[in-house]
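One structure is given below, encoded as structure tokens.
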Amino acid sequence: MAALPITAPLPITAPPPVPLPSGPGCPERPCVTELRLSAFAGHRGARFPLGPCTLLAGPSGSGKTTALRAYEALARLGGGARLSDVFPDPAACVPERARPDAQRRRGFRIGCTADGPEGPVRLDVAVQAEPELRIVGERLTSGRLVLLETALRDPGRRAVQAAWHTGGSAPVTRAPLPDDRLGTALLPLRVAGKTDGQRQVLAAAEQMVVALRSVFACDPRPERMRIPVPTGSRRLLGGCDNLADVLWRTREECVRRHGQFVAAVRAGCAGNVTDVLAEPAADGTIRGSLDRGDGHRTGFGRLGDGELRYLALALVLFTGPAVLEVDPVGEVPAALQTLTVLADGFDRALDMPQRTELLRLAARMGERGHIRWVGAVSDASWAAGEEGITVVHLKP
């Protein structure tokens, strides 16, 4: 399919229906299998295949962080967030050399493919960044079948004209949708689901939303993890500042999982490790430490940056949406959702054994289908030969 134009209206005439691929070859849990940056910041015509465990590799300036930022933006839009909240600085997302048209409009285009029980479903979004931030085109497709298409018909109205597949006496249904939210996320509120075509649209939209929603952007900050933290936060933040408090919770909730976590920490931290503890203090704070098994404990304040980042990333892999600060789809059972971890600077401060052990742990978790991993690294040569790893090489 050709890239979405940024300013031109999109056609809303759908081609004849084609069968949706489904069955044993389709994953049970919806997941994003491709990220597309048709025109976004430094990327043009970029396509990134995403496996259960993916490394985006490239030097500084190659756009690794930008790609993760685009993925997270799609996830937030899939959750119903407003465009202005997702893109507080939209001009930074416009390709640097993009020229405005006669109406001084510039924008960017992003998209993805979500695979699942309904087969591969594509979402492509065109966003106008200047002079006003708004979605000017959106297309949800499966094969050659256009399920939803929107276009900005009247620039003076804060709405786009939408057409979604009906498959009944009328081939499509037309209605206005807001221009500051993703139409795909709004479809469950607008489509009745009375015809086979409408049910097909709802199923595809739900697959896309479920695939996008459970995203946890994680970049542990060791300097904050060393400081005692207040109790009661319950859910792990993206910077892992409250790691000790979350450890207090996870250690009590599942002994078996905590034992597996300790074994992983033992493989990545110097010296003997028999347990990972969270100890409350009289002032209401809590601090973490490693039990060395000989009566000695090493507080997190004495651990190196690499050890703390390793410890935090390992805990993320052993937990899930109920523990992490994410926004999963509440109406869908957790067993049918996949958590995707976005780890910018994945290898930062980690030595070779630590990064290799974490990567293998991520690959094992990916095989089970509950967690997917997209990490950004400057060089992925150390991952060569590792099973279950997708490496995408980026160039400046």
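Could you give the angle, 0 to 90 degrees to the nearest 10, between helix 64-78's Cα long axis and the longest principal axis of the Cα atoms of the chain?
60 degrees
Using alpha carbons only, how many degrees (0 to 90, rounded to 10) separate the axis of helix 255-268 from the longest principal axis of the chain?
80 degrees
Is the stretch 51-210 rounded, prolate or oblate when judged by the Cα gyration tensor, a ≥ b ≥ c being the square roots of its eigenvalues, rounded requiring a/c under 1.5 and prolate requiring a/b larger than b/c?
On the way: a/c = 2.26, a/b = 1.28, b/c = 1.77.
The shape class here is oblate.
Starting from the Cα gyration tensor of the stretch 108-171, take the square roots of the eigenvalues, sort them a ≥ b ≥ c, and report rounded, prolate or oblate (rounded when a/c is under 1.5, otherwise prolate if a/b is larger than b/c, else oblate). Intermediate values should be presented prior to the final figure.
On the way: a/c = 3.94, a/b = 1.42, b/c = 2.77.
Verdict is oblate for the stretch 108-171.
Per-residue HN-Hα couplings for the stretch 127-135, Karplus 6.51 cos²θ - 1.76 cosθ + 1.60 at θ = phi - 60°, whole Hz, x for Gly and Pro?
For the stretch 127-135, the Karplus curve yields 10, 8, 9, 9, x, 10, 7, 6, 7 Hz.
Compute the signed sum of charges (Lys and Arg +1, Asp and Glu -1) over the other residues within less than 12 Å, Cβ to Cβ, of MET208. Don't skip to the end; give the middle numbers.
Numbers: positive: ARG122, ARG139, ARG213; negative: ASP115, GLU118, ASP124, GLU138, GLU206.
Its environment carries a net charge of -2.
Which sequence of SER60, SER378, SER142 reflects their accessible areas, 1.4 Å probe, from the largest down? Mind showing how you got there, number by number?
Numbers: SER60 115, SER378 75, SER142 0 Å².
Correct descending sequence by accessible area is SER60, SER378, SER142.
Once phi is turned into θ = phi - 60°, what whole-Hz ³J(HN,Hα) does the Karplus curve with 6.51, -1.76 and 1.60 give for every residue of the stretch 92-99, x standing for Gly and Pro?
Using θ = phi - 60°, the values come out as 6, 8, 6, x, 4, 9, 5, 9 Hz.
Within the accessible area of the stretch 66-193, what % is carbon and sulfur when the probe is 1.4 Å and the other protein chains stay in place? Spell out each step's value before the answer.
Values: 2440 of 5240 Å².
Carbon with sulfur: 47 percent of the solvent-accessible area.
What figure in square angstrom, to the nearest 10, would you give for the accessible area of VAL229 with a 1.4 Å probe?
It works out to around 20 Å².
Calculate one ³J(HN,Hα) per residue across the stretch 320-326 by plugging θ = phi - 60° into the Karplus curve 6.51 cos²θ - 1.76 cosθ + 1.60, and present them in order as whole Hz with x for glycine and proline.
With the stated coefficients, the stretch 320-326 comes to x, x, 5, 9, 8, 7, 10 Hz.
So what does GLU132 come to for accessible area, using a 1.4 Å probe and Å² rounded to 10?
80 Å²
Can you give me the long-range amide H partners of ALA46? Hydrogens built in the peptide plane at 1.01 Å from N, cutoff under 5 Å, separation of 5 or more residues or another chain.
Those qualifying (amide H under 5 Å, at least 5 residues apart or on another chain) are LEU37, SER38.
On C-alpha positions alone, give me the angle between the axis of helix 352-368 and the longest principal axis of the chain, in degrees, nearest 10.
50 degrees
I need the shape label for the stretch 228-271. Rule: rounded when a/c is under 1.5, else prolate if a/b > b/c, else oblate, with a, b, c from the alpha carbon gyration tensor. If you can, show how the numbers build up before the last one.
Values: a/c = 2.41, a/b = 1.43, b/c = 1.69.
Oblate, since a/c reaches 1.5 and b/c is not below a/b.
Order THR173, THR65, THR338, most accessible first, counting only protein heavy atoms with a 1.4 angstrom probe. Walk me through the numbers before you get to the answer.
Details: THR173 45, THR65 75, THR338 5 Å².
Largest accessible area first, the residues go THR65, THR173, THR338.
Amide H to amide H under 5 Å from VAL341: which residues, 5+ apart in sequence or cross-chain, H placed 1.01 Å off N in plane?
Those qualifying (amide H under 5 Å, at least 5 residues apart or on another chain) are PHE216, ARG372, TRP373, VAL374.
Ignoring everything but the protein chains, give the 1.4 Å probe accessible area of ASP294 in square angstrom, nearest 10.
Rounded to the nearest 10, the figure is 120 Å².
Summing Lys, Arg as +1 and Asp, Glu as -1, what charge do residues with Cβ under 12 Å from the Cβ of GLY239 carry, GLY239 excluded?
Numbers: positive: ARG221, ARG224, ARG309; negative: ASP219, GLU223, ASP241, GLU325, ASP344.
Taking every Cβ under 12 Å from that of GLY239, the sum is -2.
So who's got an amide H within less than 5 Å of the one on LEU147, skipping anything under 5 residues away but keeping other chains? H placed 1.01 Å off N, in plane.
Hits under the 5 Å cutoff: LEU140, THR141, SER142.
What number comes out for the charge environment of LEU56, summing +1 per Lys or Arg and -1 per Asp or Glu over other residues with Cβ under 12 Å away? Could the numbers behind the result be given before it?
Numbers: positive: LYS64, ARG69, LYS395; negative: ASP344, ASP347, ASP379.
Neighbour charge sum, excluding LEU56 itself: 0.
Can you say what percent of the DSSP beta bridges in the chain, counting only those with both residues inside, are antiparallel? Round to 5.
Values: 56 of 75 bridges.
In the chain, DSSP labels about 75 percent of beta bridges as antiparallel.
The values are calculated or read from the model by the stated rules, or taken from the named source; none is laboratory data. Computed from a predicted model, the values in this text were never measured in an experiment. Don't worry about glycine lacking a Cβ; one is built from the backbone with ideal geometry, like all the others, and counts go over all protein chains shown. In case anyone asks, the SASA skips ligands and DNA or RNA and just uses the protein heavy atoms, side chains included. Shrake-Rupley method; radii C 1.70, N 1.55, O 1.52, S 1.80 Å.
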